[in-house]
1. Could you give me the residue pairs with C-beta distances under 8 Å whose first residue belongs to the range 53-72 and is under 17 Å from SER232 (Cβ atoms), whose second residue is at pLDDT 90 or above and assigned to a loop (DSSP other than H, G, I, E, B) wherever it lies, and which are 6+ apart or on separate chains?
2. Report the residue count in the range 496-543 for those that are assigned to a helix (DSSP H, G or I), closer than 19 Å to GLY743 by Cα and out of contact with any Leu (no Cβ under 7 Å at 6 or more places or on another chain).
3. Could you pull out the residue among TYR51, TYR30 that is surrounded by 13 or more Cβ atoms within 10 Å (Cβ to Cβ), modelled with pLDDT of 75 or more and among the aromatic types (Phe, Trp, Tyr)?
4. Run down TYR721, TYR689 and say which single residue is touching a residue at least 24 places away in the same chain (Cβ under 8 Å) and open to solvent by 50 Å² or more (accessible area, probe 1.4 Å).
5. Please verify whether ILE493 is of a type outside the set (S, T, N, Q) and either outside any helix (DSSP H, G or I) or surrounded by fewer than 16 Cβ atoms within 10 Å (Cβ to Cβ) (or both), treating the condition exactly as stated.
6. On the given criteria, is LYS607 over 23 Å from LEU744 (Cα atoms), over 60 Å from the mean Cα position of the chain (by Cα) and free of Cβ contacts under 8 Å to residues at least 24 places away in the same chain?
7. All but one of (1) open to solvent by 40 Å² or more (accessible area, probe 1.4 Å); (2) within 22 Å of ALA541 (Cβ to Cβ) hold for SER591; state the number of the condition that does not hold.
8. What's the number of the only condition in (1) open to solvent by 10 Å² or more (accessible area, probe 1.4 Å); (2) modelled with pLDDT of 90 or more; (3) under 26 Å from PRO665 (Cβ atoms) that THR694 fails to meet?
Amino acid sequence: MQDNIEPMFADSRQTNNINLEKLISRLVNYWPSILISVLVALLFAFGYLRYVTPQYLIKARVLVKSEKTQAPNGALLEELGMAPAASNVENEVEIFKSRILMQRVVEDMDLHIQYFIPGAVKTTSLYNDIPFTIIPVLPDSSIKTYQQYTVNIVNNIFTIRYNDTSLKAVSGDTVVLPQGRFILKGNLTDGTYNDVDEFLVTISPVEGIADSYLGSLVVELINRQINIINLSLRDVIANRGEDVLSKLIEVYQLANVDDKNEVANGTISFIEDRLNLVTGELGTVERSIEHFKSTNKITDVEAQSKLLLDNTGNNLQELTQKEIQLRVLESLEKYIQDNNNIRRIMPATLIGEDVTLVGIVSDYNNLQLQRQKLMLTYTENSPYVKNVDIQLEDLRQGMKNYITSLRRGYQVTVNELRARAGIIENDIRQVPSKERQYLEFARQQHIKQELYLFLLKKREETAISKSATVSNLKIVDPSRNTGAPVFPVRTRIYLMAFVVGLIVPGIRIVIKELFNNRVSSKADIESGTNMPILAEIASVADGQSIVVRKDSKTIVAEQFRALRTNIQFMLTDETEKVVMITSSMSGEGKSFISINLASAIALSGKKVLLIELDLRKPKIAQHLQLNNQHGFSTYAIGKDAIDAIIIPSGVTDGFDIIASGPIPPNPAELIMLPKTQQLINELKQKYDYILLDTAPVGLVTDAQLLSPYSDAVIYLLRQGYTYKQQLKAADTLYKSGKMKRMGLVVNDVEINKGSEYGYGKYGSGYYDDEVGTSGFNVNKFIKRK
């Protein structure tokens with residue numbers, strides 16, 4: 001018979017494949033906790049958005065104009081490997097990111113001194129409309145520590161508190177704080193903050209605030225072909241962010257102009273030094289002439305020697321020009337040979353019209369400026385800096401050689417002119433001695449005057465060139481706020497909160513399912529055993545022992561009626577009347593199932609007897625409030641006859657009970673007595689069904705000792721209570737065939753746990769197809785039978 005029942009129930013079982021519908025069903029089981037979690041997450045998101053300080057994105061676009069020095073002999077310089085360096089826009093990107101520029105911005109705008117209005121939850125930053133300002137007396141760079149101050153304003157009197165110190169001041173006072181001396185300047189005339197009497201002021205090192213802004217600054221090169229740079233900055237105050245970005249561009253332009261003016265400044269400094277020297281020499285010559293005239297009482301030597309000077313004027317002028325150029329070259333040669341000037345700009349204005357030298361000096365100066373820019377972001381050991389140093393050394397050596405060669409050429413020309421002047425001097429010697437001496441003084445004075453005028457001219461030319469210097473940066477789009485805050489993004493925060501609200505309980509559910517070692521679903525049963533499921537019994541209120549009565553119409557009553565139907569069709573032979581009810585351990589509800597199944601069978605007009613054979617922990621008599629002084633144990637020891645131990649249940653007609661009787665010390669030995677079989681055989685003659693409520697099979701052997709007397713076995717599981725390992729033990733017992741016609745009944749199933757157990761089938765028309773809650777098809781059973 002066992003062989004026939006197993007395939008009968010196997011036809012009604014689904015595969016164990018996980019499908020989406022089952023997964024959704026499991027999640028729906030926990031919908032209240034998921035809903036609560038999502039609502040809590042959204043509530044936290046709302047509070048976060050309510051109190052978080054928003055950040056605004058400020059953008060600007062600038063164009064870096066490409067510059068390339070076009071020396072007259074550019075092609076020749078390129079062939080010599082001394083081609084002028086082009087402006088590298090990538091270097092400009094790095095310069096924008098340099099700390100030195102941002103530090104200048106912080107210092108100029110006093111961003112390291114910040115003002116706030118404290119709140120219970122949120123502290124509000126202030127900018128522009130600040131009711132007072134604290135101005136440092138010493139340079140901003142002297143501030144090396146962070147300090148927070150609380151400022152209270154009452155009747156235009158400022159009370160400044162920090163640590164355990166408090167001091168009072170009025171507008172215009174100089175206050176001494178831990179970070180130095182500061183001037184307090186009030187601005188309370190507009191009445192904007194009349195209702196605010198406390199402010200927070202933080203004074204930080206410039207470097208820290210600069211680093212903070214650099215962290216939010218993004219400098220991007222859009223296209224290498226068009227040299228446009230995108231600048232973007234985040235700030236909690238949009239107006240301040242716009243001002244910071246505009247100031248950064250301004251500081252960059254000033255730094256760029258300063259770099260370009262460095263050549264002019266070096267040239268002007270060189271000229272000033274030469275002017276001071278020439279002025280002294282010219283003064284000495286003029287004093288010598290004055291002394292000569294006074295000593296020799298000469299008043300009009302010019303007229304006496306005018307004719308001679310006119311004859312020698314052209315030669316003297318040419319000689320003077322060459323000597324001036326020779327002296328300039330000698331000065332440049334000394335300048336370039338001085339190791340202290342290795343990293344300084346060469347004075348380019350004094351070079352003259354030699355286009356080759358102009359080109360070399362221009363390239364040298366451009367490389368010096370490029371090196372200074374690289375040093376903002378790299379060290380001297382950087383390959384980029386070393387490469388520029390090699391180029392500078394090559395140009396410097398080439399410049400030395402060229403100046404030396406050029407000086408020698410000028411020296412030869414000067415010597416020739418001096419030789420020609422010697423011939424003229426022979427003529428001059430023919431004039432009187434005093435006139436000759438005067439002519440010598442006049443010639444030296446003329447040379448010094450020409451050199452002095454030359455230097456003055458070059459100084460003015462350099463100053464004019466310096467005043468015309470402009471930055472290579474052009475503002476395409478000025479700094480502006482993009483509008484709405486870029487952080488936080490409300491939709492993103494709510495979406496993240498919604499997802500977190502789903503994930504958190506999801507993780508909890510997954511962990512709970514993974515580590516759950518108890519039977520909680522039909523899938524757990526199907527994966528643990530091939531035993532057929534006869535019925536699932538829903539949960540009932542605590543203390544409710546009897547749910548099946550004559551007029552009961554509850555879901556649980558209908559489930560017991562469905563179980564009754566399955567039992568009746570299992571025991572089709574008239575001689576098959578005994579059903580044993582057991583479980584894995586105590587507490588799974590055997591007594592509850594036994595009482596209500598017996599009541600359901602009795603309500604169908606059958607005579608049923610429930611024998612309480614759990615002799616270790618009997619509960620049936622207690623639930624039915626019956627006398628347990630007489631029962632199976634007193635019958636087994638011969639103290640009572642069969643008729644003396646049979647008592648009505650008091651639940652419904654046709655439902656009788658044999659209680660366990662007093663708990664014996666040897667339950668198993670009593671069950672093994674021949675009187676047990678005699679009792680069951682005699683009772684079969686009187687009753688249509690006999691239910692044996694036995695001890696748990698997983699704990700003791702009582703149930704196995706009674707199994708030979710039973711025609712079918714109901715093995716009881718309790719949802720969320722029975723261990724999965726116990727289910728496997730029951731499956732082993734089922735497969736061994738030691739018990740006849742074993743079938744499962746799942747007890748204490750939660751109705752609100754979804755539709756996995758098929759509760760949607762209850763109601764009108766439930767028996768239309770004669771299918772029970774477990775899917776046990778009677779038509780298939782009859783066909784196979």
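1. From the range 53-72, the pairs are PRO54/VAL236; GLN55/VAL236; TYR56/VAL236; TYR56/ILE237.
2. 5
3. Values: TYR51 fails: surrounded by 13 or more Cβ atoms within 10 Å (Cβ to Cβ).
From the options TYR51, TYR30, the qualifying one is TYR30.
4. The conditions single out TYR721.
5. no
6. When the stated conditions are applied, LYS607 does not pass them.
7. (1)
8. Of the numbered conditions (1) open to solvent by 10 Å² or more (accessible area, probe 1.4 Å); (2) modelled with pLDDT of 90 or more; (3) under 26 Å from PRO665 (Cβ atoms), the odd one out for THR694 is (1).
The values are calculated or read from the model by the stated rules, or taken from the named source; none is laboratory data. This structure is a prediction, so every number in the text was calculated from the model and none was measured. Positions of Cβ are generated from backbone atoms using ideal geometry, with glycine treated the same way; all protein chains shown enter the neighbour counts. Each accessible area value is taken on the protein alone, full model and side chains, heavy atoms only, with ligands, DNA and RNA left out. Shrake-Rupley method; radii C 1.70, N 1.55, O 1.52, S 1.80 Å.
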